[in-house]
Amino acid sequence: MMEENKKVIMTGVGFLILIVLAIGIYFLFIHEKPKEATPVHEVAEETIPLEETLKDKEREALEYIQIELNKSDGLIRDLAKKLSSHPELSRWLMTKDLIRKFTAAVDNIANGQSPRPHIGFFTLKGEFTVIEKNGLNYIDPESYERYNLVGDVFVSLDSEGCARLYRQLNPVIQEAYRDLGYPDGDFNKTLTKAVIELLKVPVNEDDILLEKKVVSYMMTDSELENLSQAQKHLLRMGPENVQKIQLKLREIALALEISIPASR
């Protein structure tokens, strides 16, 4: 029985890590100071109808995992290491309050905000750079490569298992969500909003033109510049990372029976 519980928790933790990784991906670009500035080509973003609720469906024989929220890190950390053979995962798991940070970060993304305060364990190698073309500055495509590691770890986890065990960890996740100030809130709906928020990010394969501000830069394409903070972080990871992260998010959403817009 103990072995079964370990397997259950292990897979459930995978879902936590999946979402935390997805979130971390977005915060990584905040306040980065490119060496040069740049504006953006116009990229039209479709307006698509979104369903923001997780399907309510009776699930038989669902065993919830009983974990004390404030003492859950050790077990989660040990078991989550088995979710992926990627060596970087273990280092990221050394943060504290994994469930609380996961819940808070997802809440931020659902509201279009940066989850940076909760994802301090992500680091990037190298610097964000821009290149000049015909007197104009653009994001250097090589800057996107700094995010490849994060994307690789994220997509290495098992979607079906993580979704299944997310349900089994749901009570402790709901507890953490209530502690954020939502005594009557449903975290499942918040998770749905967060996933959809990220799936709305366009896969922009054009050069991104930037414009110099006082201490930072802005994209000159209003459609891109008007994206939420969370969406901009994903966009700036580059089209390849956006595509593979969104594909993984769709796999998880499908396993969770979340209604999402069709692929574009």
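The values are calculated or read from the model by the stated rules, or taken from the named source; none is laboratory data. Note that the structure is predicted; figures quoted are calculated from it, not measured. Heads up, the Cβs are rebuilt from the backbone with ideal geometry, glycines too, and the neighbour counts pull from every protein chain shown.
Conditions (1) in a loop (DSSP other than H, G, I, E, B); (2) surrounded by fewer than 22 Cβ atoms within 10 Å (Cβ to Cβ), marked per residue:
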{"residue": "95", "(1), (2)": "yes, yes"}
{"residue": "149", "(1), (2)": "no, yes"}
{"residue": "165", "(1), (2)": "no, no"}
{"residue": "202", "(1), (2)": "yes, yes"}
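Return the residues of segment 227-244 that are touching a Phe, Trp or Tyr at 6+ places or on another chain (Cβ under 6 Å) and in a helix (DSSP H, G or I); say none if nothing qualifies.
Matches in segment 227-244: 230, 233, 234, 241.
Could you list all residues from segment 166-182 that are hydrophobic (A, V, I, L, M, F, W, C) and either in contact with a His (Cβ under 7 Å, 6 or more places away or on another chain) or modelled with pLDDT of 90 or more (or both)?
Passing the criteria: 172, 173, 176, 180.
Residue 164 passes all but one of (1) out of contact with any Gly (no Cβ under 8 Å at 6 or more places or on another chain); (2) farther than 20 Å from residue 149 by Cα; which number fails?
Unmet for residue 164, out of (1) out of contact with any Gly (no Cβ under 8 Å at 6 or more places or on another chain); (2) farther than 20 Å from residue 149 by Cα: (1).
Go through (1) assigned to a helix (DSSP H, G or I); (2) out of contact with any helix residue (DSSP H, G or I) (no Cβ under 8 Å at 6 or more places or on another chain); (3) of a type in the set (D, E, K, R) for residue 248 and report which single condition fails.
(2)
A quick yes/no check of all residues on (1) among the hydroxyl-bearing types (Ser, Thr, Tyr); (2) farther than 26 Å from residue 112 by Cβ:
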| residue | (1), (2) |
| --- | --- |
| 127 | no, yes |
| 151 | no, no |
| 157 | no, no |
| 166 | yes, no |
| 175 | no, no |
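Determine which single condition residue 192 fails, assuming it passes every other condition in (1) polar (S, T, N, Q); (2) more than 23 Å from residue 103 (Cβ to Cβ); (3) surrounded by 15 or more Cβ atoms within 10 Å (Cβ to Cβ).
Only one criterion in (1) polar (S, T, N, Q); (2) more than 23 Å from residue 103 (Cβ to Cβ); (3) surrounded by 15 or more Cβ atoms within 10 Å (Cβ to Cβ) is unmet by residue 192, namely (2).
Looking only at segment 201-219, how many residues end up being touching a residue at least 40 places away in the same chain (Cβ under 8 Å), β-branched (Val, Ile, Thr) and over 16 Å from residue 111 (Cβ atoms)?
Here the count works out to 3.
Show the residue pairs that are 6+ apart or on different chains and have beta-carbon atoms under 7 Å apart, the first residue being within segment 124-150 and within 20 Å of residue 246 (Cβ to Cβ) and of a type in the set (D, E, K, R), the second being surrounded by fewer than 18 Cβ atoms within 10 Å (Cβ to Cβ) and modelled with pLDDT of 90 or more.
none
Does segment 111-122 include one or more residues that are hydrophobic (A, V, I, L, M, F, W, C), in contact with a strand residue (DSSP E or B) (Cβ under 6 Å, 6 or more places away or on another chain) and in contact (Cβ under 8 Å) with a residue 60 or more places away in the chain?
For segment 111-122, residues hydrophobic (A, V, I, L, M, F, W, C), in contact with a strand residue (DSSP E or B) (Cβ under 6 Å, 6 or more places away or on another chain) and in contact (Cβ under 8 Å) with a residue 60 or more places away in the chain: absent.
Scan segment 167-200 for residues that are among the small types (Gly, Ala, Ser), farther than 16 Å from residue 68 by Cα and either in contact (Cβ under 8 Å) with a residue 40 or more places away in the chain or not in a loop (DSSP other than H, G, I, E, B) (or both) and jot them down.
194, the sole residue that qualifies.
Quick one: residue 259 ticks every box in (1) buried (at least 21 other Cβ atoms within 10 Å of the Cβ); (2) under 20 Å from the mean Cα position of the chain (by Cα) except a single one, so which number is it?
Here residue 259 clears every test but (1).
Taking residue 181 as the residue in question, decide whether it is surrounded by fewer than 22 Cβ atoms within 10 Å (Cβ to Cβ), on the phi > 0 side of the Ramachandran plot and not aromatic (Phe, Trp, Tyr).
The answer is yes for residue 181.
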